[in-house]
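Take a look at the structure set out below.
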Amino acid sequence: GLELSHCVGTNSLGPTGPWRSGGPCKMKRVRTVFKPEQLERLEQEFLKQQYMVGTERVDLAATLHLTETQVKVWFQNRRIKWRKQSMEQKAAKLSQFRVIQPASADSTDSKEHEEDTVDVEL
């Protein structure tokens, strides 16, 4: 779950939330460590659907002994990771295509460049 680091050297109570306060006692959120079984189930659910909302999220959180917020944030982070991987795969395919057929890519680029200069005529 969410754990807070302890305030060192002060008697102040600190904030109730999992983020740093602006006061003399700086508390920071400790990263949630998921169990392998939890991660496996979360990944399975992500393969089925990339958005987990409503009662499905509540049920999954209860099943995995996590908070609803932990499940929500995990899905948000997983979508970001998925998009990044998709972009990297597309970039790899494009670079592979350009290596295989450099002549067609160059001719296309030069045509586009010529068209751009035509548009800028005075």
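The numbers here are math on the coordinates, done by the rules we state, and not lab data. The shown structure was predicted, so the numbers you read here are calculated from the model rather than taken from an experiment. With ideal geometry, Cβ positions are generated from the backbone for all residues, glycine too; neighbour counts draw on all protein chains shown.
Quick notes on this one:
- Only one residue of 76, 97, 42 has its Cα farthest out toward the positive end of the dipole of the range 36-97, where Lys and Arg carry +1 and Asp and Glu -1 on Cβ, and that residue is 97.
- Proximity of backbone amide H atoms, modeled 1.01 Å from N, is registered between residue 66 and no other residue at under 5 Å, excluding neighbours fewer than 5 places apart on the same chain.
- Under 5 Å, built H, 5+ apart or other chain: amide partners of residue 29: 20
- Förster-model FRET efficiency, 41 Å R0, residue 55 and residue 98, C-beta, rounded to 0.05: 0.30
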